[in-house]
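We did not get these values from a lab; they are worked out from the coordinates using the rules stated. All values reported here derive from a predicted model rather than from experimental measurement. Don't worry about glycine lacking a Cβ; one is built from the backbone with ideal geometry, like all the others, and counts go over all protein chains shown.
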Amino acid sequence: MNDIQELPLFKNTFGALCAFHELHGKMPKTSRYTLGGRIEDEFLGLLTDIMEAGRVPKVLKNPILERALRKNDTLKVLFRLAEATKVIETKKHDAFQASLQRTGSMLGGWRRSSQ
């Protein structure tokens, strides 16, 4: 893959990170640097894994894609926690969950095709 940044998987994840970055500044101070910081770190790690998987040979992709799927699952739980603790609105939570669901589906398909 020549340019990983043109793939729908990267674009979807990057768009979700941009949306979260905008929301992050509006989070209550008590959660901004703990839960918000953790979410941002997981998103950045997920993007890094996607870029790394796009640049390694096929035989090395699986562990990276597995790691990316774990980060995606972690993000789902963190957003669920943020919604349960009223840090983010339900509507925003649902939008992020839908985006993460799409990301997980694309990662799973990529993993199956690289096995």
Using a 7 Å offset from the Cα along the Cα-to-Cβ direction at both residue 40 and residue 84, what is the distance between the two label points in nm, to one decimal? 2.4 nm
Angle in degrees between helix 8-24 and the longest Cα principal axis of the chain, rounded to the nearest 10: 20 degrees
Karplus (6.51, -1.76, 1.60) ³J(HN,Hα), θ = phi - 60°, over segment 52-59, in Hz, Gly and Pro reported as x: 5, 5, x, 10, 9, x, 3, 5
Unit charges at the beta carbon, dipole of segment 1-53: most positive-side option, 10, 25, 53: 25
Could you run the Karplus curve 6.51 cos²θ - 1.76 cosθ + 1.60 with θ = phi - 60° over segment 34-47 and give me ³J(HN,Hα) per residue in whole Hz, x for Gly and Pro? 9, 5, x, x, 5, 4, 4, 4, 5, 4, 5, x, 5, 4
Note the angle between two axes, namely the Cα long axis of helix 90-113 and the longest principal axis of the Cα atoms of the chain, as a number of degrees from 0 to 90, rounded to the nearest 10. 10 degrees
Dipole magnitude of segment 58-115 about its Cα centre, charges +1 at Lys/Arg Cβ and -1 at Asp/Glu Cβ only, in debye to the nearest 20? 240 debye
